[in-house]
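Below is one structure; the comments refer to it alone.
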Amino acid sequence: MLTVRFFAALVAAVAAHTLGVRLWPDFARSVDLFLVVAVLFARRGDSLAGLLGGLAAGLVHDVLGAGPFALHGFADTAVGYAVARLSQRLVVDRASGVLLMTLLAAVVQRVILAALTLVLLADPALPEPGWVALQVTTTAAVAAAFFLVSRRLTSGLATRRRNRSKRLHFE
């Protein structure tokens with residue numbers, strides 16, 4: 001069931017990314033929805049799931065992006081694994097914790113991407129620092145907002161189930 005949720009979130013990220021790029025060409029430079037999916041999936045604490053989730057999200061990002069192939073795949077794999085390992089040690093159960101974790105994950109991802117770009121490409125072109133700062137902050141904000149919305153929906157569904165079972169009386 002968790003795998004189905006991950007792929008549904010990944011499909012939603014692809015749809016939102018595609019729509020965002022069509023409406024505003026700089027959308028991909030301003031927010032990384034695939035990192036949001038990878039971090040929120042890895043936050044559950046399973047190292048292998050974080051690793052594979054980061055790999056899948058990064059490779060999908062590479063397919064949709066115009067940059068060199070597999071850079072995001074590598075960076076998101078490392079970030080997904082690191083977030084999963086960190087989640088095994090820490091309980092991140094508040095939106096502020098998710099915001100901070102995603103902020104750090106986005107910074108680490110950008111550092112890995114910059115290092116890979118400098119090492120692997122003959123003519124490296126690093127992004128502008130303003131765009132990097134914007135992308136890091138908006139990615140963290142989107143992750144925290146999605147966490148809050150999903151928590152609200154989950155608690156609402158749990159309350160509805162409890163109330164529904166109270167109304168059912170078997171004699």
> Which residues in segment 32-51 have a backbone N closer than 15 Å to a point placed 7 Å from the Cα of A115 along the Cα-to-Cβ line?
Replying inline: none
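Work out, step by step, the length gained on full extension between R161 and W131: first 0.36 nm times the residue separation, then minus their alpha carbon distance; give nm to one decimal. Don't jump to the answer; show the numbers that get you there.
Values: separation 30, 0.36 × 30 = 10.80 nm, distance 4.43 nm.
Roughly 6.4 nm would be gained on extension.
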> How many times 2.2 N^0.38 Å is the alpha carbon radius of gyration of segment 2-151?
Replying inline: 0.97
> Under a Cβ-Cβ cut-off of 15 Å, what is the net charge of the residues other than V111 that fall near it, where Lys and Arg count +1 and Asp and Glu count -1?
Replying inline: -1
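For R43, R151, R22, what ranking results if the residue with the fewest other Cβ atoms within 10 Å of its Cβ goes first?
R22, R151, R43
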> Where the centre of each part is set by its Cα atoms, how far does segment 107-163 sit from segment 20-67, in angstrom?
Replying inline: 8 Å
>> Give me the dipole magnitude in Debye, nearest 20, for the chain about the Cα centre, with unit charges on the beta carbon: positive for Lys and Arg, negative for Asp and Glu.
In response: 1200 debye
> What stretch of the chain, leaving out the sites themselves, is the longest with no chymotrypsin sites (Phe, Trp or Tyr not before Pro) in a DSSP loop having at most 12 other Cβ atoms within 10 Å?
Replying inline: 70-169
> Mind listing the phi-derived Karplus ³J(HN,Hα) values for segment 127-143, rounded to whole Hz, using 6.51, -1.76 and 1.60 with θ = phi - 60°, and x for any glycine or proline?
Replying inline: x, 5, x, x, 5, 5, 4, 5, 5, 5, 6, 5, 5, 5, 5, 5, 5
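We did not get these values from a lab; they are worked out from the coordinates using the rules stated. Computed from a predicted model, the values in this text were never measured in an experiment. FYI the Cβ positions are ideal-geometry reconstructions off the backbone, even for glycines, and counts take in every protein chain you see.
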